[in-house]
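Notes follow the structure.
The values are calculated or read from the model by the stated rules, or taken from the named source; none is laboratory data. Since the structure is predicted, the reported quantities are computational estimates derived from the model, not experimental observations. Neighbour counts run over all protein chains shown; Cβ positions are idealised from the backbone, glycine included.
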Amino acid sequence: MSSRRWSLLPDERVRIEVAFDGGQVMSAIVSPANADALEQVLGSADVRADAGEAAFALDAEDGRYTIALRRVVYVKRFARESRVGFGATAT
């Protein structure tokens, strides 16, 4: 079985939500590579040990966000949205 990443088109985007420790949540449309990079840096031992990089620059459709890594509680990566009505035939 192939990975979901292999099924993505080069210009395809994914929606993510980033929740912070104060209760704020931000949503952004990003490339799969940017979503992967954010997940990777958040999972690094340096961030968990309060060492290493303190911020991450996330390029999104609507601009660049600078994320304070130590304030992130979770990242939600949405599944690709289904396209209702495409390929449907009228009866």
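For region 28-36, state whether one or more residues are surrounded by fewer than 16 Cβ atoms within 10 Å (Cβ to Cβ), small (Gly, Ala, Ser) and either touching a Lys or Arg at 6+ places or on another chain (Cβ under 8 Å) or within 27 Å of residue 12 (Cβ to Cβ) (or both).
Within region 28-36, the first condition is being surrounded by fewer than 16 Cβ atoms within 10 Å (Cβ to Cβ), and the residues that meet it are 29, 33, 36.
Next cut, small (Gly, Ala, Ser) only: 33.
Pick out the ones that are also either touching a Lys or Arg at 6+ places or on another chain (Cβ under 8 Å) or within 27 Å of residue 12 (Cβ to Cβ) (or both) and you get 33.
The answer is yes, given that some residue of region 28-36 is surrounded by fewer than 16 Cβ atoms within 10 Å (Cβ to Cβ), small (Gly, Ala, Ser) and either touching a Lys or Arg at 6+ places or on another chain (Cβ under 8 Å) or within 27 Å of residue 12 (Cβ to Cβ) (or both).
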- request: Return the residue satisfying two criteria in turn: it lies in region 56-77 and is part of a strand (DSSP E or B) and loosely packed, with under 13 Cβ neighbours inside 10 Å, and of such residues it is nearest to the chain's Cα centre (by Cα).
  value: 76
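Tell me yes or no: at least one residue of region 39-54 is within 18 Å of residue 80 (Cα to Cα) and under 9 Å from the mean Cα position of the chain (by Cα). Before the answer, list the steps.
Here is the first cut: in region 39-54, the residues within 18 Å of residue 80 (Cα to Cα) are 39.
Now narrow it down to the ones that are under 9 Å from the mean Cα position of the chain (by Cα): 39.
Yes, the conditions are met somewhere in region 39-54.
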- request: Any residue in region 62-91 that's farther than 30 Å from residue 43 by Cα: show its pairings with residues that are modelled with pLDDT of 70 or more and surrounded by 10 or more Cβ atoms within 10 Å (Cβ to Cβ) at Cβ separation under 9 Å, as long as the two are six or more apart or on different chains.
  value: none
message: Which condition from (1) surrounded by fewer than 13 Cβ atoms within 10 Å (Cβ to Cβ); (2) aliphatic (A, V, I, L, M); (3) modelled with pLDDT of 95 or more is the one that residue 88 breaks?
response: (3)
